[in-house]
1. Report, ordered by the first and then the second residue, all pairs with beta carbons closer than 7 Å, sequence separation of six or more or different chains, a first member in the range 63-78 that is over 19 Å from LEU103 (Cα atoms), and a second member that is at pLDDT 95 or above and more than 14 Å from the ligand (Cβ to nearest atom).
2. Looking at the range 6-34, which of its residues are within 13 Å of the ligand (Cβ to nearest atom) and surrounded by fewer than 18 Cβ atoms within 10 Å (Cβ to Cβ)?
3. Taking only the range 97-112 into account, find how many residues are outside any loop (DSSP other than H, G, I, E, B) and either touching a Lys or Arg at 6+ places or on another chain (Cβ under 8 Å) or more than 29 Å from ASN25 (Cβ to Cβ) (or both).
4. Scan the range 151-173 and report the pairs whose first residue is touching a residue at least 24 places away in the same chain (Cβ under 8 Å) and whose second residue is of a type in the set (Lys, Arg), with Cβ atoms within less than 8 Å and a gap of 6+ or a chain change.
5. So, restricting to strands (runs of 3 or more DSSP E) that lie completely within the range 113-191, which ones have at least 3 residues that are of a type in the set (S, T, N, Q)?
6. When residues of the range 90-106 are filtered for being within 12 Å of the ligand (Cβ to nearest atom) and not aliphatic (A, V, I, L, M), how many remain?
7. Those residues that are part of a loop (DSSP other than H, G, I, E, B) and within 15 Å of the ligand (Cβ to nearest atom), I need them from the range 35-50; list them, please.
8. Provide a single number: the residues in the range 134-191 that are within 19 Å of GLN20 (Cβ to Cβ) and under 15 Å from the mean Cα position of the chain (by Cα).
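The values are calculated or read from the model by the stated rules, or taken from the named source; none is laboratory data. The structure displayed is predicted, hence computed values, not measured ones. Note that we place each Cβ from the backbone using ideal geometry, even for glycine, and neighbour counts take in every protein chain shown.
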Amino acid sequence: MLSRNMTKNVHFFIESHLSQWGKENLIAMDGTLGNGYDLEFLNNQKAISTIYGFDIQAQALENSKTRIGETEKCIYYIQDSHHHLECYIEGEIDLALFNLGYLPGADKSIVTRVDTTLEAIEKTIGKLSNGGMMVVMTYPGHEEGSKEHEAVKDYLSGLHKKNLSILQLNVNNVIKPCPNCFLIINQLYKI
Ligand SMILES: C[S@@+](CC[C@H](N)C(=O)[O-])C[C@H]1O[C@@H](n2cnc3c(N)ncnc32)[C@H](O)[C@@H]1O
């Protein structure tokens, strides 16, 4: 069900996309591991078999590993920036999730940055399989996050490609700037 909680909405959209798609053995990417909550969600999706998880902070990899523990899925924990994804992922990506910003409870100056974020988004879209989906969550409520949100919005709204459906979701009836979610689906549609 949809709610005011953007992470719940994101997980809801991903689950409904995966169940309608019906494809199995999916390759997923978590572009920002953080504390591993999104990874845990991906790990719980039956259709996913492999997950490439990125974060620049060792602490995030440790937190994520601890959260997941033993699993039957193949999870790669990669301490590198997501804009280097092609060094680790050879083939296509079925599902990518980028939850931007800083690691809650850690140094807030270590935060996703416009240039590397845009490069990673461009590269990930270029690797999306037919029917694949990318989700980007932005946080306009802090200075770097606001710049990043505007840059992501401008970049995505300029992508006039017939195979891409790009949707933006935010919660309208709140006063503070709230997280935004961009859904990018690689599926040919007729205009
Ligand atoms: C909002 S947190 C992610 C939340 C996480 N998905 C979760 O479920 O807990 C953002 C993370 O992005 C990481 N990060 C910042 N710049 C990055 C980059 N260039 N590549 C990969 N991760 C990055 C930060 O270290 C931080 O852990």
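1. Here the result reads LYS73/ILE48; LYS73/SER49; LYS73/THR50; CYS74/SER49; CYS74/THR50, each pair linking the range 63-78 to a residue that is at pLDDT 95 or above and more than 14 Å from the ligand (Cβ to nearest atom).
2. THR7, LYS8
3. Of all residues in the range 97-112, those outside any loop (DSSP other than H, G, I, E, B) come to 97-99, 102, 111.
Okay, now just the ones that are also either touching a Lys or Arg at 6+ places or on another chain (Cβ under 8 Å) or more than 29 Å from ASN25 (Cβ to Cβ) (or both), so 102, 111.
Number satisfying all stated conditions: 2.
4. VAL171/ARG4
5. 128-138
6. Total meeting the criteria: 6.
7. Taking the range 35-50 and keeping what is part of a loop (DSSP other than H, G, I, E, B), we get 35-36, 44-47.
Within the range 35-50, ASN35, GLY36, ASN44, GLN45 qualify.
8. As a first pass, look at the range 134-191 and keep what is within 19 Å of GLN20 (Cβ to Cβ): 134-135, 163-167, 169, 181, 183-190.
Checking the rest, the ones that are also under 15 Å from the mean Cα position of the chain (by Cα) come to 134-135, 166-167, 169, 181, 183-186.
The number of residues fulfilling the criteria is 10.
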